[in-house]
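All remarks here apply to the structure that follows.
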Amino acid sequence: EAVRGELELHVYPGGRHGWCITHKLPLVDAAGRVRGLVGTSRDLGTSADDAQYDGVARAIEHARANLARPLSTSTLSRIARLSPYRLDQRLRKLFGASTSQFVQRERLDREMRLLRETRTPIAEIAMRVGYADQSSFTRVFKRAVGTSPGAFRELKERDSRAECP
């Protein structure tokens with residue numbers, strides 16, 4: 001499974017540690033079998049920033065685990081033990097997005113993965129990622145992706161059928 005934008009604590013030779021943003025993607029052959037892995041890791045620095053990144057990592061973990069619930073910047077900043085402004089700054093530096101944009105992006109990533117990889121009904125996906133109903137989910141998804149969730153799923157299914165030998 002792909003890993004995108006994971007905030008990870010790395011230990012370097014000599015015991016020094018520091019935070020990194022890691023991306024890992026499977027390399028897939030024409031038959032859809034995973035044949036390898038490609039990844040990047042961007043070093044974010046060490047020592048002085050550790051405590052703040054610890055908090056950011058807690059907030060990110062909480063957000064990803066609770067996408068079906070309302071997630072405010074103030075709640076996430078309390079979890080991070082940072083001011084809302086500081087959390088926002090850190091997320092902008094790490095992901096190029098404000099706290100609320102980061103949460104929206106995480107929801108969208110989960111939505112697209114569920115649409116691509118499962119047959120879960122669209123109304124259920126809407127609930128799993130925090131929408132009150134399917135129509136609000138569809139409206140937001142269409143604005144972000146350019147197509148409805150149903151059309152997105154159909155397009156992905158058609159693409160995967162075309163790739164099969």
Inset, instruction - Tell me which residues, restricted to the stretch 94-111, are of a type in the set (A, V, I, L, M, F, W, C) and more than 11 Å from the chain's Cα centre (by Cα). - result: LEU94, ALA97
Legend entry - Number of the exception - ALA31 against (1) free of Cβ contacts under 8 Å to residues at least 60 places away in the same chain; (2) exposed (fewer than 14 other Cβ atoms within 10 Å of the Cβ): (1)
Inset, instruction - Within the stretch 82-99, work out how many residues are in a helix (DSSP H, G or I), in contact (Cβ under 8 Å) with a residue 24 or more places away in the chain and touching a helix residue (DSSP H, G or I) at 6+ places or on another chain (Cβ under 6 Å). - result: 5
Legend entry - For ASP54: the one exception among (1) within 15 Å of SER100 (Cα to Cα); (2) modelled with pLDDT under 85: (1)
Inset, instruction - Could you list, in sequence order, all residues of the stretch 106-154 that are open to solvent by less than 70 Å² (accessible area, probe 1.4 Å), in a loop (DSSP other than H, G, I, E, B) and free of Cβ contacts under 8 Å to residues at least 60 places away in the same chain? - result: THR118, THR120, TYR131, ASP133, GLY146, THR147, SER148
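Would you say ILE79 is open to solvent by 20 Å² or more (accessible area, probe 1.4 Å), under 14 Å from LEU7 (Cβ atoms), in contact (Cβ under 8 Å) with a residue 24 or more places away in the chain and not charged (D, E, K, R)?
Values: open to solvent by 20 Å² or more (accessible area, probe 1.4 Å): yes; under 14 Å from LEU7 (Cβ atoms): yes; in contact (Cβ under 8 Å) with a residue 24 or more places away in the chain: yes; not charged (D, E, K, R): yes.
So ILE79 passes the test.
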Inset, instruction - Report whether or not GLU157 is out of contact with any Pro (no Cβ under 8 Å at 6 or more places or on another chain) and either modelled with pLDDT under 90 or surrounded by 15 or more Cβ atoms within 10 Å (Cβ to Cβ) (or both). - result: yes
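The values are calculated or read from the model by the stated rules, or taken from the named source; none is laboratory data. These numbers come from a predicted model, not from an experiment. Cβ: placed from backbone, ideal geometry, glycine included. Neighbour counts: every protein chain shown. Accessible surface is based on the protein model in full, side chains and every heavy atom, while ligands, DNA and RNA are left aside. Shrake-Rupley method; radii C 1.70, N 1.55, O 1.52, S 1.80 Å.
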